[in-house]
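A quick write-up on the structure given underneath.
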Protein chains: 2
Amino acid sequence: MLSRENGMGNGERATLGGNLRTGQVLESATRLFTEKGYEAASVRDLAAELEIRPSSLYHHFPGKQHILFAICLNMQTDFNAEVMPELTADRAPDDAIEAAVRRHVVFGHRRKGEVLVNIRERRSLPPEQLAQVNALRREYRDTLARVIEDGCQRGLFSVREPKLAAMAIVDMVNGLPHWFKPRNEDDVERVADLYGRAALALLRGWDPTPAG
Amino acid sequence: MLSRENGMGNGERATLGGNLRTGQVLESATRLFTEKGYEAASVRDLAAELEIRPSSLYHHFPGKQHILFAICLNMQTDFNAEVMPELTADRAPDDAIEAAVRRHVVFGHRRKGEVLVNIRERRSLPPEQLAQVNALRREYRDTLARVIEDGCQRGLFSVREPKLAAMAIVDMVNGLPHWFKPRNEDDVERVADLYGRAALALLRGWDPTPAG
DNA sequence: TCCCTTCCCTAACGATCGTTCGATCGAAAT
DNA sequence: ATTTCGATCGAACGATCGTTAGGGAAGGGA
C-alpha cells in the first residue's frame, strides 16, 4: 500500500498534499496511466473515475505531472527500501543476487500498476523530477553491479562486465510485469524462484573459463 | 490496408513508402516518436521537421495512427525476416540461439529508432492493427521457444518452461536499445557476442540437474 | 455565534489537438 | 498549348486539453 498518501512522512509532506482522498487519486491515476498511458489519459478521465469534477483534483495535486511524479518516486523509493537490503546484507553474493531477484519479481507483481507506470511513463516527467527518480534506479543498479563484481572476485561468477550484467538482469525482471499473468499467488512465487535461478545461471555461465 | 502509400510498395521498395517523400516522413516520425513519444508528438511537430504544412502530411498518410502502424509493422516484418532464419536453419539449437540473439542485438542497434517506437508506442495502435504487429512478435517468440524446447530434448539446455525462457531472453535483448550507447561499431558486435553467450548461459544453467 | 479550513462545485479560459476543404503550383503527358 | 495529376498551401473546423477563478456547503474550534 502507499503508506500514507504518498510515502514521504507526514512531517512536511514534501511532494504532495493531502488526505485520505489523495491516496485514492493515486490509485485511480495508476490504473488509468497503466491502461491508456500518461499522455493519453486526461485529467477529465481521472476525475470521472473518482466521480468528482476535474477542478477538484487541483485541491489535492498542483498539476497532472505531479501525480505521475508521486507514483514514480513512491514506487521506486519503496522498491529500493525493499529489495536493496537483500544485496547489502552480509551474505554470499550468489545468495544475495538470488534473493534480490526473487524480491524484485514479487514486488513487480504486488505493485504491478505503479511499476509499469514507472517504467513506461517516467520519461514524461520534467527533467528535474525524472533525474530524481533515475537517481534511485541507478542506486539500485550500482548496488547490484557491485555484488556481481564481488561474486566474480570470489570465483562465484564469471562475468566480464558487471554493469552490463546488472542491466541485463534488471531488464529481464522488469520485462515480466509487461506480459506475465500468474494463475494464482503460488504462481508468482514459482516464477520468482525461477528468475532467481535464471540470474545465477547467467552470472555463473556467462564467460565460461575454457578450463578443463 | 497499407498498400501503396505506407508500406509494401509496388515492386522493389520493400520497406518504405511509395514516394521518396513518404520515406522521409517515416524517418522523421520515427525520430520524433522516439524522443517525445507518440501521443506527445503532434502532427505539427512532424510537419515542422519536414518543413511542410501539417495539411500536406495527409497527402502521404490518411492519419497519424497510420504512420505509427507503418513504422511498427515495417520494423517487425524486417526483424522476423532477418532474425528468424537463424532459428529455422538446420543447425544445433545452441548455435541457432546464439546466432539469433546476436542478430537480434545488431538489428536493435541498426534500427534503434523503429525498435524503440515499436516497443514503447505500439500500444497506441487501434486493436486490429496492434494485433497484426503482435502476431508477428508472437511468431518470433514461438519459434524461439520451439528451438529452446528442441535444445532441451537434446540435452543441450536445462529449462523447465521454454516459453518463459524465450520471453526472458527477448526482454533482456529488447532492453538493450533503451540504455546502451555503443562507443563505436565494434562495440555493438562485442555486446552482441556477449548477449549471445548470455542467452546460452541462461539456457544451459537455468535448471541445473543436481547430478554430480 | 463566528471563523477558518477542507473539499467540491460551475463556468470558463486560452492553447493545442487531429483533421478537412478548396485552391494553387509545377512538371510531365497529350 | 492544353490537360493531368501529384504535392503543397492557407485557413479553418470542432473537439479536447490542462488549468484557473470564484463561490458554496460542511464541520470543528474559538
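The values are calculated or read from the model by the stated rules, or taken from the named source; none is laboratory data. All of these numbers come straight from a predicted model, not from anything done at the bench. As a convention, Cβ positions derive from the backbone with ideal geometry for all residues, glycine included, and neighbour counts pool all protein chains shown.
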Subset of the stretch A:25-36 [surrounded by fewer than 16 Cβ atoms within 10 Å (Cβ to Cβ) and within 10 Å of DNA strand C (Cβ to nearest atom)]: none
Of all residues in the stretch A:36-60, count the ones that are near DNA strand D (Cβ under 8 Å from one of its atoms), outside any helix (DSSP H, G or I) and closer than 18 Å to residue A:19 by Cβ. 1
Is at least one residue of the stretch B:73-91 within 16 Å of DNA strand C (Cβ to nearest atom), small (Gly, Ala, Ser) and not in a helix (DSSP H, G or I)? no
Residues that are away from DNA strand D (no atom under 14 Å from the Cβ) and within 21 Å of residue A:126 (Cβ to Cβ), drawn from the stretch A:23-33: A:26, A:30
Of the residues B:116, B:68, B:32, B:130, which single one is within 14 Å of chain A (Cβ to nearest Cβ) and in contact with a Pro (Cβ under 8 Å, 6 or more places away or on another chain)? B:116
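Filter the stretch B:69-83 for residues that are over 9 Å from the mean Cα position of the chain (by Cα) and under 20 Å from residue B:128 (Cα atoms) and give the result.
B:69, B:70, B:71, B:73, B:74
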Within the stretch A:154-197, how many residues are hydrophobic (A, V, I, L, M, F, W, C), more than 17 Å from residue B:173 (Cα to Cα) and part of a helix (DSSP H, G or I)? 4
Checking A:144, A:200, A:136 in turn, the sole residue that is facing chain B (nearest Cβ under 8 Å) and either in a helix (DSSP H, G or I) or at positive phi (or both) turns out to be A:200
Among the residues of the stretch B:161-195, the number that are over 19 Å from residue B:119 (Cβ atoms), more than 11 Å from chain A (Cβ to nearest Cβ) and of a type in the set (Gly, Ala, Ser) is 0
Being on the phi > 0 side of the Ramachandran plot and touching a Ser or Thr at 6+ places or on another chain (Cβ under 9 Å): is that true of residue A:113 here? no
Considering the stretch B:61-95, residues that are away from DNA strand D (no atom under 15 Å from the Cβ), surrounded by 16 or more Cβ atoms within 10 Å (Cβ to Cβ) and of a type in the set (Val, Ile, Thr), and then whichever is nearest to residue B:113 (Cα to Cα), we arrive at B:71
Would you mind finding the one in A:51, A:5, A:39 that is within 13 Å of DNA strand C (Cβ to nearest atom), in contact with a Gly (Cβ under 8 Å, 6 or more places away or on another chain) and at pLDDT 75 or above? A:39
